[in-house]
Amino acid sequence: MINICIVAPFDYPIPAIKGGALEQVVENLCVENEKRECLNITVLATESKDIIKNNYKFTNFIYFNKTAIDKMWFYCFRLIKKIIGIYIPAYPRMIKVKKWLEKNNNRFDLIVYEDGLTYMLPYLFKNIDRNKVVSHLHWIGDPNKKTNYFFSELLPVSKFVGDEWINNCSHPYIDVSVVKNGIDIDKFNKKLSEKEKTVIRNELGINNEAFIILYVGRIIPEKGISELIEAINIINNDNVVLLLIGAAKFALNGMTVYEKKVKELIEKSSNNIIQLGYIKNNELYKYQNIADIAVIPTIIEEAAPLACVENMAAGLPIIITNSGGMPEYAGKKCSIIVEKDANLQYSLAKQIKDLIENKDKRKAMGRYAELEATNYSITNMYNEFYKTLKLKVEKNNEVNKDKA
C-alpha cells in the first residue's frame, strides 16, 4: 500500500459535515479507499466539536484547531503577500501543520496538498523534498515560478486548470495529470413519485404546473446569482419559479453583504423566487426532482464545479456559462453554454425561454445528462487519483535508485 498524507482545506472539517466542495472530495476519496484498500491515508484537517468517532480503517485524521483570530490573520497575510511578496502562514494553525509535516514527512511516500491556497506551498514545503509533494488543484490557483519549486506534480481537476498553470509558470518542470472530480451518483439520481413531488411543491407554495429553475451553489458574487435573478425578471412569467439553494459559507451561520443584496433583489422582484439557504448534500435530490432545469451562471473562470455533475446525475438539463473547465464536464447533448459577458442576463433569459417552450428537448437533454454523469463517479475519480499517485511513487523510486 502507498502511504500518503493529505493536507486538507482549512475552511471546514472533514468528514464534510458542514459542507465544502473540496472537503467532500477528500471525504469521497477516503470512503472509496475503504473499499479498495490501496492507500494508507493520513488527513490533516480542521477540527470540529461535531465530528463523530473515526470509523475508517485506512484513514487517520490529525485535527488542528481553527481559532477566532484566523480570519483577521488571513487578511494580514494577504496584505503582506501583496505588498512585499513574503510567504507567511495564511492561518496560525498552518505553523503547527508545517512543523508536523517536517517532523513526520518521512512516514509517507507522497504528500498531497488539497488546499486551494497554492501560495502556501513555498511556506509549508520549504524543507521537504519537492518530489514527494503533489498538488491536487481544484481552481486556477496562484501560479508563479516560485511556487513550482516546492512541488513536482500537478493534479488539476480539468485540462483548463492545468493549461492555465503551465502557461503562467513552466519552470521548473512539473508533471501534469488531470484527475477529474467525481460524485456519489446514487445521492443524486434518486427518483421521487409524483405524489412525493407534489408534497414538496406544496410545502414551498409552488403549484404543480409551475416551471422550476434550480440554482445550487454558494451565494457569492462570482457565481452570477444577481445576473440569474435579472434573467428571471426579463422573462417575467408568473408560472416560472427560481429556486435558490446555498449560502456563502455553506452550513456556517451569518449573512454576508452579498447575501443581503441577493435578498433585497428577491424582495424587489415581482417574480417567483424562493431562497432556501444551505441544504445538506444528501437532501438536494428532493429539490432536483421537482426542478425542470438547472442553471449555473458563473461569471469567473471556474475549475470544475461539482454542481454541474450533480445536476446532470439528477437528470436535469443544464444551462452553464463558458467558464473555465466547466464545459469539459458538461455533455454537449445535455447542456447549453452561454458566454459570461455583459449580456449574460439576456443570454440566460433566451435559453431558459427556449427550454420552457420545448418539453421534448428538455426530456432528451435530461436522458443524456444522466448518462453523461456516470463518467464522473467517485470510483472513476479514485481510479485516476490512485493510478497517478502509483506512477509518481514508481518514478520517485527509480530516481532514488539511480542516485544510490
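Only Cα pairs within less than 10 Å get springs; with that Gaussian network setup on the chain, which residue of GLU227, GLU203, GLU37 has the largest fluctuation?
In the Gaussian network model the winner is GLU203.
List the lysines whose Cα sits under 29 Å from the Cα of LYS195, skipping any in the same chain fewer than 8 residues away.
LYS187, LYS280, LYS286, LYS353, LYS359, LYS361, LYS363
In the chain, with Lys and Arg counted as +1 and Asp and Glu as -1 at Cβ, which of these residues, ALA314, ASN282, THR374, has the Cα nearest the positive end of the dipole, that is, farthest along it?
Going by the charge dipole, the pick is ASN282.
Compute a Gaussian network model of the chain, connecting alpha carbons closer than 10 Å, and tell me which residue from GLY182, GLY205, GLY19 fluctuates the most.
GLY205
Which aspartates and glutamates, on any chain, are close to LYS57 with Cα under 14 Å apart, when same-chain ones fewer than 8 places away are left out?
Result set, ordered by chain and number: GLU27, GLU32, GLU34, GLU37.
Can you sort TRP139, TRP165 so the residue with the fewest Cβ neighbours within 10 Å comes first?
Working: TRP139 21, TRP165 24.
Fewest to most other Cβ atoms nearby, the residues stand as TRP139, TRP165.
How large is the charge dipole for the chain, taken about the Cα centre, if only the Cβ atoms of Lys, Arg (+1) and Asp, Glu (-1) carry charge, to the nearest 20 debye? Kindly include the intermediate steps, with their values, before the conclusion.
Numbers: 55 positive and 49 negative charges, 205 e Å.
For the chain, the charge dipole is close to 980 debye.
Just want the answer: with Cβ charges of +1 for Lys and Arg and -1 for Asp and Glu, which residue in SER193, TYR123, ASN167 is farthest toward the dipole's positive end in the range 107-195?
With unit charges placed on the Cβ atoms, the residue in question is SER193.
With springs connecting C-alpha atoms under 10 Å apart, model the chain as a Gaussian network and identify which of LEU22, LEU265, LEU244 has the largest mean-square fluctuation.
Of LEU22, LEU265, LEU244, the most mobile in the Gaussian network model is LEU265.
When a footprinting reagent is the concern and you count Cβ atoms within 10 Å, what order do THR198, THR388 take, fewest first?
THR198, THR388
Could you give the size of the charge dipole of the range 21-63 about its Cα centre, using +1 on the Cβ of each K and R and -1 on the Cβ of each D and E, expressed in debye and rounded to the nearest 20? Working shown, then result.
Values: 5 positive and 7 negative charges, 31 e Å.
Magnitude of the dipole: close to 160 debye.
Counting Lys and Arg as +1 and Asp and Glu as -1, each charge on the Cβ, what is the dipole of the range 1-73 about the Cα centre in debye, to the nearest 20?
The calculated dipole for the range 1-73 is roughly 120 debye.
Straight-line reach from LYS132: which lysines have a Cα under 20 Å away, not including same-chain ones fewer than 8 places off?
Those lysines meeting the cut-off are LYS96, LYS98, LYS99, LYS103, LYS145, LYS146, LYS387, LYS390, LYS392, LYS395, LYS401, LYS403.
None of the figures in this text is laboratory data; all of them are computed from the coordinates on show. The model shown is predicted, which means the values in this text are computed figures rather than measured ones. Glycine gets a Cβ as well: all are built from the backbone with ideal geometry, and neighbour counts include every protein chain shown.
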